[in-house]
Amino acid sequence: SDDYEKYKDEEKQHKHKEHLGKMGAVAAGAFALYEKHEAKKDAEHGHRHKIEEEIAAAVAVGSGGYALHEHHEKKEAKEEAKEASEKHHHHLF
(Lines give C-alpha, C1' and ligand atoms only; values in the text may rest on other atoms or scores of the structure.)
Protein backbone atom coordinates (compact mmCIF):
# COMPACT_ATOMS: atom_id res chain seq x y z
CA SER A 1 0.00 0.00 0.00
CA ASP A 2 2.82 2.41 0.87
CA ASP A 3 4.65 1.54 -2.37
CA TYR A 4 1.46 2.02 -4.36
CA GLU A 5 0.87 5.47 -2.87
CA LYS A 6 4.52 6.41 -3.40
CA TYR A 7 4.37 5.48 -7.09
CA LYS A 8 1.02 7.23 -7.58
CA ASP A 9 2.49 10.42 -6.08
CA GLU A 10 5.53 10.05 -8.32
CA GLU A 11 3.26 9.60 -11.34
CA LYS A 12 1.39 12.78 -10.40
CA GLN A 13 4.65 14.73 -10.07
CA HIS A 14 5.88 13.56 -13.47
CA LYS A 15 2.55 14.47 -15.04
CA HIS A 16 2.84 17.98 -13.58
CA LYS A 17 6.42 18.33 -14.86
CA GLU A 18 5.35 17.03 -18.28
CA HIS A 19 2.70 19.74 -18.48
CA LEU A 20 5.25 22.39 -17.46
CA GLY A 21 7.57 21.17 -20.21
CA LYS A 22 4.77 21.41 -22.76
CA MET A 23 3.87 24.92 -21.64
CA GLY A 24 7.54 25.94 -21.85
CA ALA A 25 7.77 24.57 -25.37
CA VAL A 26 4.64 26.44 -26.45
CA ALA A 27 5.77 29.70 -24.84
CA ALA A 28 9.28 29.50 -26.31
CA GLY A 29 7.87 28.58 -29.72
CA ALA A 30 5.53 31.55 -29.63
CA PHE A 31 8.39 33.83 -28.64
CA ALA A 32 10.51 32.45 -31.49
CA LEU A 33 7.72 33.25 -33.95
CA TYR A 34 7.40 36.74 -32.48
CA GLU A 35 11.13 37.36 -32.86
CA LYS A 36 11.02 36.06 -36.44
CA HIS A 37 8.31 38.63 -37.17
CA GLU A 38 10.29 41.38 -35.41
CA ALA A 39 13.42 40.54 -37.42
CA LYS A 40 11.49 41.21 -40.63
CA LYS A 41 9.77 44.32 -39.27
CA ASP A 42 12.75 45.95 -37.52
CA ALA A 43 15.58 45.84 -40.05
CA GLU A 44 17.86 48.01 -37.90
CA HIS A 45 17.92 45.40 -35.09
CA GLY A 46 17.20 42.40 -37.32
CA HIS A 47 20.35 40.51 -36.39
CA ARG A 48 19.56 40.71 -32.67
CA HIS A 49 16.00 39.47 -33.30
CA LYS A 50 17.31 36.60 -35.42
CA ILE A 51 19.65 35.50 -32.60
CA GLU A 52 16.82 35.71 -30.06
CA GLU A 53 14.61 33.70 -32.41
CA GLU A 54 17.20 30.94 -32.65
CA ILE A 55 17.72 30.86 -28.89
CA ALA A 56 13.96 30.67 -28.31
CA ALA A 57 13.69 27.87 -30.88
CA ALA A 58 16.43 25.92 -29.06
CA VAL A 59 14.62 26.44 -25.74
CA ALA A 60 11.39 25.19 -27.34
CA VAL A 61 13.12 22.03 -28.54
CA GLY A 62 14.70 21.50 -25.13
CA SER A 63 11.37 21.97 -23.35
CA GLY A 64 9.72 19.54 -25.73
CA GLY A 65 12.44 17.00 -25.00
CA TYR A 66 11.98 17.52 -21.26
CA ALA A 67 8.22 17.00 -21.63
CA LEU A 68 8.83 13.77 -23.55
CA HIS A 69 11.28 12.59 -20.88
CA GLU A 70 8.75 13.29 -18.12
CA HIS A 71 6.06 11.49 -20.12
CA HIS A 72 8.20 8.35 -20.14
CA GLU A 73 8.96 8.74 -16.42
CA LYS A 74 5.22 9.07 -15.76
CA LYS A 75 4.55 5.85 -17.68
CA GLU A 76 7.22 4.03 -15.65
CA ALA A 77 5.74 5.27 -12.38
CA LYS A 78 2.29 4.16 -13.52
CA GLU A 79 3.60 0.67 -14.32
CA GLU A 80 5.37 0.48 -10.96
CA ALA A 81 2.17 1.54 -9.18
CA LYS A 82 0.30 -1.18 -11.04
CA GLU A 83 2.90 -3.78 -10.02
CA ALA A 84 2.77 -2.61 -6.41
CA SER A 85 -1.02 -2.82 -6.51
CA GLU A 86 -0.90 -6.36 -7.90
CA LYS A 87 1.56 -7.44 -5.22
CA HIS A 88 -0.75 -6.01 -2.59
CA HIS A 89 -3.76 -7.93 -3.95
CA HIS A 90 -1.90 -11.26 -4.05
CA HIS A 91 -1.45 -11.11 -0.31
CA LEU A 92 -5.21 -11.04 0.18
CA PHE A 93 -5.81 -14.40 -1.50
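The values are calculated or read from the model by the stated rules, or taken from the named source; none is laboratory data. All values derive from a computational prediction rather than experimental measurement. Methodologically, a virtual Cβ is constructed for each residue, glycine included, from the backbone with ideal geometry; neighbour enumeration extends over all protein chains shown. Keep in mind that these areas ignore ligands, DNA and RNA; they rest on the heavy atoms of the full protein, side chains included. Shrake-Rupley method; radii C 1.70, N 1.55, O 1.52, S 1.80 Å.
Measuring only protein heavy atoms, the 1.4 Å probe finds Asp3 accessible over about 90 Å². Solvent-accessible area of the chain (1.4 angstrom probe, protein heavy atoms only): carbon and sulfur portion equals 58 percent. In this simple spin-label model, placing a label point 7 Å from the Cα along the Cα-to-Cβ direction at both Ile55 and His19 gives a separation of 3.0 nm. Cross-link partners of Lys36 among lysines, defined as those whose alpha carbon lies under 30 angstrom from its own and excluding same-chain residues fewer than eight positions apart: Lys17, Lys22, Lys50. Taking only the C-alpha atoms of the chain, the Rg (one decimal) and the largest Cα-Cα distance, Dmax (whole number), read 20.8, 76 Å.
Averaged per residue, the range 1-87 has 71 square angstrom of accessible surface, using a 1.4 angstrom probe with ligands and nucleic acids left out.
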